[in-house]
Amino acid sequence: MRILGIETSCDETGIAILDDNEGLLSHELYSQVKLHADYGGVVPELASRDHVRKIVPLIKKALADANTEAEQLDGVAYTQGPGLIGALLVGASVGRSLAYAWDVPAVGVHHMEGHLLAPMLDDPKPDFPFVALLVSGGHSMMVRVDGIGQYEVLGESVDDAAGEAFDKTAKMMGLDYPGGPMLARLAEKGRAGIYTLPRPMTDRPGLDFSFSGLKTAAANLIREQDNEEQTRADIAYAFQEAVVDTLAIKCKRALKYTGLKNLVIAGGVSANTMLRSRLEEMMKKLNGEVYYPRLEFCTDNGAMIAYAGLQRLKAGQYEPLVSKAKPRWPLDSLLAL
Ligand code: KG4
Ligand code: ZN
């Protein structure tokens with residue numbers, strides 16, 4: 001089976017061709033980062049218009065790179081939600097129109113299921129069941145995963161998502177959007193133990209997250225301290241360490257609570273080097289394994305949507321012609337395979 005995957009939920013147009021025997025045949029990504037940088041964040045209307053401009057040329061390129069004719073495709077998967085409604089509608093209308101024209105099924109994929117399954121694009125793949133920490137720009141969740149579509153959300157962010165906290169703190173430090181990766185780069189020059197920021201909600205039970213208090217503490221620190229490069233790097237280090245520490249404590253708690261040994265991290269923040277190495281160290285001590293996607297599949301991409309879509313298509317789950325985008329869509333309402 002071969003599928004076209006389309007991702008347009010936010011500010012990245014991601015297209016991929018995936019074959020269940022031959023693997024990933026091609027993937028294309030167009031990032032709108034430059035377009036939104038002047039505004040310090042994603043402007044939804046500009047995002048939708050840019051997806052319209054880029055989506056068809058990228059699909060053509062992905063098909064050519066994969067040496068694939070439309071007749072060789074068995075389905076089209078597109079991100080149905082959650083995300084920005086205008087951006088979602090671009091992928092949904094193009095994806096469903098192509099499926100209709102090519103007379104193949106269309107599969108509406110949950111964006112967070114895409115992130116969650118992204119580590120499966122490479123070997124070794126994690127075995128079910130496992131605990132997944134999903135940390136992106138829009139969501140932070142701890143999920144118990146017993147199989148594809150068998151999700152129990154154990155905890156969520158009550159305010160900002162982890163990536164959002166990175167981006168907002170970076171913005172306060174004068175870094176460009178999206179600041180997460182830049183703050184991480186700045187932190188590489190930072191020193192441990194100079195500043196300490198709070199680890200929110202780690203002193204009480206539960207698996208929910210909150211990052212707004214940490215953000216405020218970081219804002220105060222930035223205001224109080226000078227603007228020297230070393231000071232900025234030390235603050236970035238302290239912030240990153242506080243987020244990583246908080247996430248690691250919650251992962252450990254989730255593993256203990258579920259009695260599971262395997263951990264998956266996915267979503268944009270799973271690209272963070274400090275988070276990866278911290279969790280690797282922790283899992284070694286706990287005699288478990290941590291899995292994360294290769295770097296380019298941590299942030300939004302078409303390959304993860306193709307993968308999730310292919311699994312559902314193989315299980316016979318695709319949709320009738322009538323459809324609607326879902327700007328809000330709880331992960332634990334998905335059908336189990
Ligand atoms: O998954 P993603 O591409 O989009 C959403 O679904 O939201 O995640 C993007 C988020 C942004 O907030 C970005 O700053 C963050 O992931 N991010 C990082 C790193 N790379 C991306 N945060 C910290 N360290 C990184 N290396
Ligand atoms: Zn995402």
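What to note about this one:
- Once the Cα atoms are used to define both axes, helix 162-172 deviates from the longest principal axis of the chain by about 60 degrees.
- Accessible surface for segment 223-266, divided over its residues, is 44 Å² per residue with a 1.4 Å probe.
- Accessible area of the chain belonging to carbon and sulfur atoms, whole % at 1.4 Å probe: 51
- Sequence-separation-based contact order of segment 267-337, relative, with Cα cut under 8 Å and 6+ spacing, percent: 28
- Ranking of TRP329, TRP102 by solvent-accessible surface, largest first: TRP102, TRP329 (1.4 Å probe, protein heavy atoms only, all chains present).
- Of the trypsin sites (Lys or Arg not before Pro) found in segment 117-211, the ones in coil according to DSSP and having at most 15 other Cβ atoms within 10 Å of their Cβ are LYS189, ARG191.
- Summarising the strand pairing of the chain, around 60 percent of its internal DSSP beta bridges are antiparallel.
- Cα-based helix-to-principal-axis angle, 229-258 vs the chain, degrees rounded to 10: 70
- For segment 1-130: rounded, prolate or oblate by the Cα gyration tensor [a/c cutoff 1.5]: oblate
- C-alpha long axis of helix 85-102 to longest principal axis of the chain, angle in °: 30
The values are calculated or read from the model by the stated rules, or taken from the named source; none is laboratory data. Values in this document were obtained by computation on a predicted structure and should not be read as measured data. For neighbour counting, all protein chains shown are included, and Cβ atoms are generated from backbone atoms with ideal geometry for every residue, glycine included. When the accessible area is computed, the model is the full protein with side chains, heavy atoms only, and any ligands, DNA or RNA have been set aside. Shrake-Rupley method; radii C 1.70, N 1.55, O 1.52, S 1.80 Å.
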